[in-house]
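Structure first, then comments.
The values are calculated or read from the model by the stated rules, or taken from the named source; none is laboratory data. Given the structure is predicted, the values throughout are model-derived calculations rather than measurements. As a convention, Cβ positions derive from the backbone with ideal geometry for all residues, glycine included, and neighbour counts pool all protein chains shown. All accessible areas refer to the heavy atoms of the entire protein, side chains included, with ligands and DNA or RNA removed. Shrake-Rupley method; radii C 1.70, N 1.55, O 1.52, S 1.80 Å.
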Amino acid sequence: MKSKNLLVKLLESCCSKISIAQLHSVCLKAGLAHDSFIATKLNVLYARYASISSAYKLFVDTHYKSVYLWNALLRSYCSKGEWVETLSLFCRMNATEERPDNYTVLVALKSCAGLRRLELGRTIHGFLKKKLDNDMFVGSSLIELYSRCGQMNDAFNVFMEYPKPDVVLWTSMVTGYEQSGSPELAIAFFSQMVASGCVSPDPVTLVSATSACAQLSDFKRGTSIHGFVKKRGFDTKLGLANSMLNLYRKTGSVKSAANLFREMPNKDIISWSSMVACYADNGDETNALDLFNGMVNAGIEPNWVTVVSALQACASSTNLEEGMKIHKLAVNYGFELDMAVSTALMDMYMKCFSPENAVLLFNRMPKKDVVSWAVLFSGYAEIGMPHMSMGVFCNMLSHGTQPDAIALVKILAASSELGILQQALCLHGFLTKSGFDNNIFIGSSLIELYAKCSSIDNANKVFKGMSNKDVVTWSSIIAAYGFHGQGEEALKLFHQMVNSSDVKPNSVTFLSILSACSHAGLVKEGMKMFDTMVNTYGLKPNLDHYGIMVDLLGRTGELDRALDLINHMPVQAGPHVWGALLSACRIHQNMKIGEVAAKNLFPLDPKHAGYYILLSNIYCVNKNWHNAAKLRTLIKENRLKKIVGQSTIELKNEVRSFVALDRFHESDHIYEMLRKLDSNMREGYAPQIQLEEVL
């Protein structure tokens, strides 16, 4: 007996593979290796410090297998995520005389949940009703099983079987609703739990409730939970604080997140990553990168999630220098070629106008999924090189990677930049063959593509052929008619949507209809639509809406009304709003208002050469040569360059792009032909100029 007690103490202090083997040998010599208690202890230690196969071998060699020994091995398999082996062992146990207890059932249900084995779980549930008492931990496992399998009604029925549910059961239901995509019900259940007064939420419950608020972007209710957390003294719990950081990130509450982060006594890598992502996701790229660099300088090693968020900040701010530094860090930490990191790096290089670096990294990636391919071909389109996108898309198909709906939306958007009808027809045929023709987002993108290809008839056919039409679809077809200057038809479609369907217009719909009115010069209709948007639907106009309204008024020469609209905007006008007014002043030769627009515009976008040229042209028409010359000099001194326009042509199934004075094309035949045309024009063309026009 003494030797057994001594061995038990030695086993409890054991913490290495070698010491386990030595103690196992001692147990064998002492004749205690087959003792149920000793065998269970050894089994747990082998699984923890050696291998689960060693634990299984000991299990097989043990003559008497108690329920505790079975449970020890079952738990070891389950904790390592080996659910198939766990359930296989559970079935073997049921074929023996040793009957499972509540703990055995807990492990089996957890494995069923992991594998989404709903029917086997139901069978075990039926066994429980006959053999075992209503244990709350078992109930919690059943709720987890049903919620993981998307059967929340069954989970609720299990919950209702317990007249006095404890905090674990309540939490299981809140978590189940939150993780199964029903955050509203999760919050409702949490509120019911608090209102009952029977049990108090623990930190795990509060994490699930906070996550549900984050899914709903419900800042008000989230802050209420934060207040509850502070009141209960849980604000030092790291997991809960990280959940609150995620809530503030999702709701765009950067200031609240920064205050919480500053007050946190302890921070882990999740805390740092959440705060960097909060800044990056909400347009504060400078603070995102400053925090990331501060973290690295403090010796805190980032993970791939932190690096991806920092790269997103670099991409948004087109900060190539900082992005390349982070690339070196990713290489040093060994996760450069992790799929998510590589994709974020490619996206950063594309948005920073460095496609060659993106391609180099892409070629080194050992595995390429549809997301990495999509980043490449959509990236080309975003930096003004859509003619490259189709080649990348075709390469993706030839490598056996099939596009998903998101990739198809992106290639349709890239193709719309080219406006080649034949290409649009080919893509339409491909997506129909691939079974995506009923996808709402793809249908909307296809409508836009045909509109950009000057084929409003095909755009209309796609629209009429769609069985389901949401607000995105309606907005797309309205925009298509507006793009073609058919404002009256766009208005008809808008009224048809409002009066003959259940779809309500959103801010994008009004952006489309206002743009249509602007292109068609329908000032009264446009003003009426703006009023409808604000007063009928209660939508708050953003800078894009105001920009179109200024353009609408400016096109018809109502410059004073346009300026008055800008002066009464609830937010500060952006560059494109003042730019629209300046463009209108150029058309209608209004130097006075043009100078007002330029005075406000230049500080907002000082590097846009086109704006300076617009004002210079206004001065020239008004024969204000002195100010025009000053602007031209300013453009040269600041080395400002006007954005170069480009033309594309499809030749032998390949799209070629040209700009003025282009010398990048391989074929000398193009330039030889241009020289011949130039020579012929000089020889055979005599311009007839009237002297009075020159004077």
*May I ask you to derive the relative contact order of the range 435-501, considering only C-alpha pairs under 8 Å and at least 6 residues apart, and to give it as an integer percent?*
31 percent
*asked:* Tell me the Kirkwood radius of the range 340-413: reciprocal of the mean inverse pair distance over distinct alpha-carbon atoms, in Å.
replied: 11.9 Å
*What does the charge add up to near A50, with Lys and Arg as +1, Asp and Glu as -1, over the other residues with Cβ less than 11 Å from its Cβ?*
+3
*Starting from the Cα of K231, draw a straight line to each of the aspartates and glutamates and keep only those under 19 Å, dropping any in the same chain fewer than 8 residues away.*
D202, E263
*Please quote Rg/Rh for the range 534-577 to two decimal places, taking the Kirkwood radius as Rh and restricting both calculations to Cα atoms.*
0.97
*Among the lysines, which have Cα under 24 Å from the Cα of K607 when same-chain residues fewer than 8 positions away are ignored?*
K351, K592, K599, K630, K636, K641, K642
*Computed [θ] at 222 nm, deg cm²/dmol, the chain (DSSP H ≥ 4; -39,500 (n - 2.57); rounded to nearest 500)*: -22500 deg cm²/dmol
_Please report Rg (one decimal) and Dmax (integer) in Å for the Cα set of the range 339-383._
9.0, 26
*Pairs from K80/K129; K41/K110; K9/K65 whose Cα-Cα separation, in the structure shown, is over 26 Å*: K80/K129
*Using the alpha carbon gyration tensor of the range 490-577, what are the three equivalent-ellipsoid semi-axes (square root of 5 times each eigenvalue), largest first, in whole Å?*
22, 15, 10
_Over all directions, the average projected area of the alpha-carbon convex hull for the range 181-329 comes to how many nm²?_
9.0 nm²
*Over the chain, consider all pairs of different Cα atoms and compute the Kirkwood hydrodynamic radius from their mean reciprocal separation; express it in Å, one decimal.*
31.6 Å
*If a/c stays under 1.5 just call it rounded; otherwise compare a/b with b/c (prolate if a/b is bigger, oblate if not). Do that for the range 286-367, with a ≥ b ≥ c from the square roots of the Cα gyration tensor eigenvalues.*
oblate
*Give me the percent of the accessible area of the chain that comes from carbon and sulfur atoms, probe 1.4 Å, all protein chains in place.*
54 percent
*Residue-normalised accessible area of the range 231-324, given per residue in Å² at a 1.4 Å probe*: 46 Å²
*Bin by bin, in steps of 5 Å, what percent of the Cα pairs in the range 12-106 do you find, going until the bin that has the longest distance?*
3, 14, 26, 26, 17, 9, 5, 0
*Can you give the convex hull volume per residue for the Cα atoms of the range 162-252, as a whole number of Å³?*
83 Å³
*Using per-residue counts of other Cβ atoms within 10 Å, averaged over each peptide, order 624-633, 337-346, 278-287 from highest down.*
337-346, 278-287, 624-633
*Setting aside same-chain residues fewer than 8 positions from K528, which lysines have a Cα under 23 Å from its Cα?*
K492, K504, K540
_Length-normalised contact order for the chain - Cα pairs under 8 Å, 6+ apart - percent_ = 4 percent
